[in-house]
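Notes to accompany the following structure.
The values are calculated or read from the model by the stated rules, or taken from the named source; none is laboratory data. Every value quoted in this text rests on a predicted model; they were computed, and no experiment measured them. Cβ sites come from the backbone with ideal geometry, for glycine too, and all protein chains shown count toward neighbours.
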Amino acid sequence: MQNKFYILLFWLLVAWACDPCDDCGEPLVYDPKVKLVFINQDSAAHLEDSISRVTDSIDNNKLTLALLKDTSVFFADSLETIDSLVEAGETEYLDKQEALNHTIDSLDTSADSLSSWNRQLNTLKSDLNTIVKVISDGKVQLDEVILVEANKQVVFEDTLSSFGFPLLLADGPGVSSFEITLADEQYTIAFEYTTFEEMGADRILRVLATDVNVTNYTGFDSLKINCETCLSNETTVTVYF
Amino acid sequence: MKRLSLYIFSSWISLIGLAQVADTTQTAPSDSVATLPVEQAPPQLLQPSLLWDYGKSITTAAGFDQKYEGSLTLLFFERYYLIGEAGKASLSPENAIENGSYTSEGEYFRVGGGYMAPINATSRLGIGVNYAISTFEDRGSAWIKSSEGVQDDYQYNFGPRQGEARWIEAAITSESNLRLNKKEPEAKINQLFSIGFQFRMRFMSTYDRYSVIDVYSVPGYGRVVNNPNPALNIYLRFHPF
């Protein structure tokens, strides 16, 4: 009887292991996508100019600061001489002693102010560099994206450095056009591609898009595609505006 | 759970068969003591028998894949056999397409031969080779749902596709007479039926192939991704003569 139990147990374990999946037959939730990166080229160039001017101001301030410090040291040496004369009883130098003290105080005050201004300029330069980096990374917030052929809105809620634009699952050649609102400006871009079905080793049928080309765009200064023969999910289109 | 019940039921049927073999083995010595030695009769030239694969019928009755299989065996000189088998199946493996459905249905035939030796008064062990051919038709669908909700669901349909597959099998058989009348071991009814199992190793030779979604299941062979493909059949044999 014990042997029969083991045979039955073995049989059930084999049956359990060979049982098909429970969630088979459910549709695959998926869109082929092409990645878009938005670079605000005009703003970046403008900021680069500002950073350059701020850098020049900082350098000029440094030179002026050095001159002020040298002058202050020179007057301090003269003051030591006048101090020794006044101590020796030559009271006619008292006026000059007071004038020199006043001048040295003014020079030190100016140097402190200049140092403080330079620190503020350095902070400003650092902030501008951060903004330029953000722009160069393409981090933007898209106000609205419309997939024209389907007349449907594609929702991107967050500020991102890249956006996956869904392509229509056409049979064969496909076209997907988008109307984009970004910083209150209107842009359009249209893609042409070829779709094909592929069964993966995981027994999931997918529709993939390849040979993605931009057939038309408006509003953008220029654009660049990393690969025109790749699968859509490996294709990145960088647009400059 | 339904599938699990099927396995438990088929296991129970198999265990009954094993119990029959065990009983036969235990009672054989007492029979030999009780009977006087007699002259051995010459082996019969031909013993035809019909075979019913009740394992497949149980699968069908349980509401899963539809499978029917039977065969005619010609046993020569109580040792050498020729076999012709015919079957019909409608297979719908759930994980053929994870995001869709797949059906393959058709008929298959096997012819073969081998050697079957008695291991005691009521049990036999055999080994043989079969050549099989299946003509079938398969079809299916796959579904993709838009992750962004910007387009209608995409459906990919294929078939019906006509196909043919050929393969060879190595088979090991074990069977034992069913003792339906235990009080009279020599009763005619105890010679009419035997129960057993057959372990097959199937080696695919050729089958019609298709792009995108290839043939997944062949009636009589099973999943073509498995090559060789093992199988276990449980059957009831009827000896009319």
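Just to be sure before I move on: is B:Ser134 touching a helix residue (DSSP H, G or I) at 6+ places or on another chain (Cβ under 9 Å), within 30 Å of B:His239 (Cβ to Cβ) and away from chain A (no Cβ under 14 Å) in the structure I sent? When the stated conditions are applied, B:Ser134 does not pass them. Across the range A:126-148, the number of residues qualifying as crowded, with 16+ Cβ neighbours inside 10 Å and within 14 Å of chain B (Cβ to nearest Cβ) comes to 4. At pLDDT below 95 and buried (at least 20 other Cβ atoms within 10 Å of the Cβ): does that describe B:Arg124? Yes; evaluated as a whole, the condition is true for this residue.
For residues in the range A:198-223 being assigned to a strand (DSSP E or B) and within 14 Å of chain B (Cβ to nearest Cβ), which is nearest to B:Ser141 (Cα to Cα)? Looking at the filtered set, the residue picked out is A:Leu205. What residue, of B:Arg79, B:Arg139, B:Arg124, B:Arg110, is closer than 30 Å to A:Glu198 by Cα and of a type in the set (Lys, Arg)? Step by step, each of B:Arg79, B:Arg139, B:Arg124, B:Arg110 is checked, and only B:Arg139 is closer than 30 Å to A:Glu198 by Cα and of a type in the set (Lys, Arg).
Among the residues of the range B:149-168, those identified as buried (at least 22 other Cβ atoms within 10 Å of the Cβ) and either under 24 Å from the mean Cα position of the chain (by Cα) or outside any strand (DSSP E or B) (or both) are B:Val150, B:Ala165, B:Trp167.
Of all residues in the range B:117-142, those that are within 20 Å of B:Ala165 (Cβ to Cβ) have Cβ atoms under 6 Å from Cβ atoms of residues that are of a type in the set (Lys, Arg) and in a strand (DSSP E or B), 6 or more apart or on another chain, in B:Asn130/B:Arg110; B:Ala132/B:Arg110; B:Ile133/B:Arg166; B:Asp138/B:Arg161. Per the conditions (1) within 12 Å of chain A (Cβ to nearest Cβ); (2) out of contact with any Asp or Glu (no Cβ under 7 Å at 6 or more places or on another chain); (3) modelled with pLDDT of 90 or more, the sole criterion not satisfied by B:Ala19 is (3). Given the criteria at pLDDT below 90, in a helix (DSSP H, G or I) and within 14 Å of chain B (Cβ to nearest Cβ), does A:Tyr93 qualify? Considered against the rule, which asks whether it is at pLDDT below 90, in a helix (DSSP H, G or I) and within 14 Å of chain B (Cβ to nearest Cβ), A:Tyr93 comes out as no. All conditions but one from (1) over 19 Å from the mean Cα position of the chain (by Cα); (2) free of Cβ contacts under 8 Å to residues at least 40 places away in the same chain; (3) within 14 Å of chain B (Cβ to nearest Cβ) apply to A:Thr195; the one that does not is (2).
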